[in-house]
Amino acid sequence: MAQDLSYLKETPSQTAGPYVHIGLAPGAAGFDIYDQELGKDIAGPKAAGERITVQGIVIDGTGSPIKDVLLEAWQANADGVYAHPESDGEVEDGFRGFGRVITEFETGEWSFDTVKPGPVPGRNGTTQAPHINLWVVARGINLGLNTRLYFDDEAEANAADPVLNVIEWENRRATLIAKRTVQDGKIIYRFDIRVQGDGETVFFDI
Amino acid sequence: MKPAEYYQRDRQRHAPALTPDYKTSVTRSPNFAAISLENTVSEITGPRFGHSDISPIDNDLIRNYAADGQSPIGERIILHGRVLDENARPVPNTMVEIWQANAGGRYRHKKDTYLAPIDPNFGGCGRTLTDENGYYFFRTVKPGAYPWRNWVNDWRPAHIHVSIFGSGFTQRLITQCYFEGDPLIAKCPIVQTIPDPDGVQAVTAALDMNATIPLDSIAYKFDIVLRGRRSTLFENRLEGN
């Protein structure tokens, strides 16, 4: 026997369940209770950079859309600065970098508007390609799934990205690359997440 | 001073992704292992909130949806506790959000069709920021048990969903708070996804007679532990050596 280290243990996760909207997006559950819901406006009106829309669908192991999913996004601004004191630099007034979205209940499609983030520092002097950190919770997901969205028009930066390069299976890296199109003058990045099965998205233990 | 890393997550503290007795997990669990990353600025930072993001009444579920002069039906309770990290340090100024069924076990959600009635005076969600000591509290009514489609006769124990941010995105956590003494806890396939009995105990709020308000509300204490981070002594540094 040895001394007790006396650390506490993390509280175990439990699924967000089918009614996550009540707590985290009550407007979508069918009632207004808060003056403002969290994560509605990621970038704010003053943020510099390219205005983009990110959209997608989350697909289960049968190939069906997961319609009761909730996603959270965490990203840097166009200068690669997070709205947090441990990120070097300043962000624009109103830039939060945090988004929370749910799907259309009928189709499972989700989308959010933001600005395209810039590259951010990596470990040991490296640079990470522009990316948006995503967290996926839903009924049937016991511990929220972390992944990252990268941009297909950043091929050079992606090729050098230290996190993408940690993924041993090069063919799986493509699951993290959003595809850019322009529709009616709007810049759209498409990012479908496959939770299980063919083309399964890479998830990270962060 | 450069920020220090968070302790790696003890994955064995949490349910695995695939837990067949909780059937919905079968098609929503990745087949491949998650790829473990060392912390970067993307993980150690996270969203921050202030009192301007919420209203003072948001943590009072007895009043935040009720008509003037009315209140929801059910057992009046106080749910309170502290948000700590693995080093037992308080996590101050962090957002805690909750949601729950009403006293009859019915959610105010357009997808919930359980035959127990909606309570016109109960919304079922609340949120608050921890104070400088990591302390938080809510006032609400105790939620009811309700049936759900897993096996034919599964009932969820009374529970309140709890969402906590912490200060880094790597600490983000959603869990459920159960209530001491509920015989449904041992029968619930969702609770029992937690591998260790000690983990089940950690998501079970304790009856707290000292915090009970006599002739008014019963209190339950629910402390929450988020991931801790290294001290700066001999830390693995994020930048350089």
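Think of chain B as a dipole: +1 on every Lys or Arg Cβ, -1 on every Asp or Glu Cβ, centred on the Cα centre; then among B:I190, B:H80, B:L115, B:L115 lies furthest on the positive end. Proximity of backbone amide H atoms, modeled 1.01 Å from N, is registered between B:G104 and B:G144 at under 5 Å, excluding neighbours fewer than 5 places apart on the same chain. Annotation: amide H of A:F151 within the under-5 Å range of A:A178, sequence separation 5 or more or interchain, hydrogens built in the peptide plane.
Convex hull volume of the Cα atoms of the stretch A:36-194, normalised per residue: 144 Å³.
Think of each Lys and Arg Cβ as +1 and each Asp and Glu Cβ as -1; about the Cα centre, that makes the dipole of chain A roughly 220 debye. In the stretch A:165-205, burial by the other protein chains removes 50 Å² or more of 1.4 Å probe accessible surface, compared with the chain on its own, from A:Q196, A:E200, A:D205. In straight-distance terms, cross-link reach from A:K116 covers every one of the lysines whose alpha-carbon lies under 25 Å from its own, apart from those fewer than eight places away in the same chain; here that gives A:K40, A:K46, A:K179, A:K186. Summarising the amide proton neighbourhood of A:G122: residues at separation of 5 or more, or on other chains, whose placed amide H is nearer than 5 Å comprise A:T127, A:Q128. Applying the Karplus relation 6.51 cos²θ - 1.76 cosθ + 1.60 with θ = phi - 60° to the stretch B:102-109 yields 3J(HN,Hα) values of 7, 5, x, x, 10, 8, 7, 8 Hz, where x marks Gly and Pro. Dipole orientation for the protein assembly as shown: of the candidates B:W148, B:N64, B:N93, B:W148 has the Cα lying most toward the positive pole (charges on Cβ; Lys, Arg +1; Asp, Glu -1).
Backbone N atoms of the stretch B:169-204 closer than 18 Å to the 7 Å Cα→Cβ label point of B:A211 belong to residues B:175-182, B:201-204. For the protein assembly as shown, a crude dipole built from +1 on the beta carbon of Lys and Arg and -1 on the beta carbon of Asp and Glu, taken about the Cα centre, is about 780 debye to the nearest 20.
Once A binds B, the 1.4 Å probe can no longer reach about 7800 Å² of accessible area, counting both sides.
Packing order of peptides B:79-88, A:105-114, A:148-157, highest average first: B:79-88, A:148-157, A:105-114 (average count of other Cβ atoms within 10 Å over each peptide's residues).
So what is Rg over Rh here for the protein assembly as shown, counting just Cα atoms and using Kirkwood for Rh? That ratio equals 0.95. Looking at the stretch A:1-70, the trypsin sites (Lys or Arg not before Pro) that sit in a DSSP loop and have at most 12 other Cβ atoms within 10 Å of their own Cβ are A:K46.
When the label point is put 7 Å from the Cα of A:K9 along its Cα-to-beta-carbon vector, which residues of the stretch A:130-151 have a backbone N closer than 13 Å? Of the residues in the stretch A:130-151, none has backbone N under 13 Å from the label point off A:K9.
Split the accessible area of the stretch A:51-161 by element, probe 1.4 Å, and carbon with sulfur accounts for 46%. The DSSP beta bridges internal to the protein assembly as shown are antiparallel in roughly 75% of cases. Computed over protein heavy atoms with a 1.4 Å probe, the accessible surface of the protein assembly as shown works out to 43 Å² per residue. With both labels modelled 7 Å from their Cα along Cα-to-Cβ, the A:D192 to B:F32 distance reads 1.6 nm.
Is the shape of the stretch B:163-224 best called rounded, prolate or oblate, per the rule: a/c under 1.5 gives rounded, else a/b larger than b/c gives prolate, else oblate, with a ≥ b ≥ c the square roots of the Cα gyration tensor eigenvalues? Cα axes put the stretch B:163-224 in the oblate bin. Dividing the summed -39500 (n - 2.57) terms of all DSSP H runs of n ≥ 4 by the residue count of chain A sets its mean residue ellipticity at 222 nm at -1500 deg cm²/dmol.
Mind checking the dipole of chain B: about its Cα centre, +1 per Lys or Arg Cβ, -1 per Asp or Glu Cβ, Debye to the nearest 20? Taking the Cα centre of chain B as origin, the dipole is about 580 debye.
Its Cα gyration tensor gives chain B an equivalent ellipsoid; the semi-axes, largest first and in whole Å, are 32, 24, 16. Rounded to the nearest whole Hz, the Karplus-based 3J(HN,Hα) values (6.51 cos²θ - 1.76 cosθ + 1.60, θ = phi - 60°) of the stretch B:139-150 follow the sequence 10, 7, 10, 5, x, x, 5, 8, x, 8, 8, 9, with x at glycine and proline. What a 1.4 Å probe finds exposed on the stretch B:1-110 is 50% carbon and sulfur by accessible area, rounded to a whole percent. For the residues A:M1, B:M95, a 1.4 Å probe over the protein chains yields an accessible-area ranking, largest first, of A:M1, B:M95.
With Cα atoms defining each centre, the stretch B:201-232 and the stretch B:64-110 are spaced 12 Å apart in the structure.
Ordering B:S36, B:A206, B:Y136 by Cα displacement along the dipole of chain B toward the positive end leaves B:S36 in first place; charges were set at the Cβ atoms of Lys, Arg (+1) and Asp, Glu (-1).
Across the stretch B:121-132, rounded Karplus estimates of 3J(HN,Hα) from the backbone phi angles (6.51 cos²θ - 1.76 cosθ + 1.60, θ = phi - 60°) give 9, 9, x, x, 9, x, 7, 7, 9, 5, 7, 5 Hz, Gly and Pro being marked x.
Return the carbon/sulfur percentage of the accessible area of the stretch B:122-231, one whole number, probe 1.4 Å, all protein chains in place. C and S fraction of accessible area: 56 percent. Go through the stretch B:89-141 and name the trypsin sites (Lys or Arg not before Pro) that are in a DSSP coil and have 16 or fewer other Cβ atoms within 10 Å of their Cβ. Answer in residue order: B:K110, B:K111.
Among residues other than B:N87 with Cβ under 12 Å from its Cβ, the summed charge is +2 (Lys and Arg +1, Asp and Glu -1). Mean sequence separation of contacting Cα pairs (under 8 Å, at least six apart), scaled by the length of chain A, corresponds to a relative contact order of 24 percent.
The values are calculated or read from the model by the stated rules, or taken from the named source; none is laboratory data. No experiment lies behind these values; they were computed from the predicted model shown. Note: ideal-geometry Cβ built from the backbone for every residue, glycine included; neighbour counts use all protein chains shown. SASA here: full protein model, heavy atoms, side chains in, ligands and nucleic acids out. Shrake-Rupley method; radii C 1.70, N 1.55, O 1.52, S 1.80 Å.
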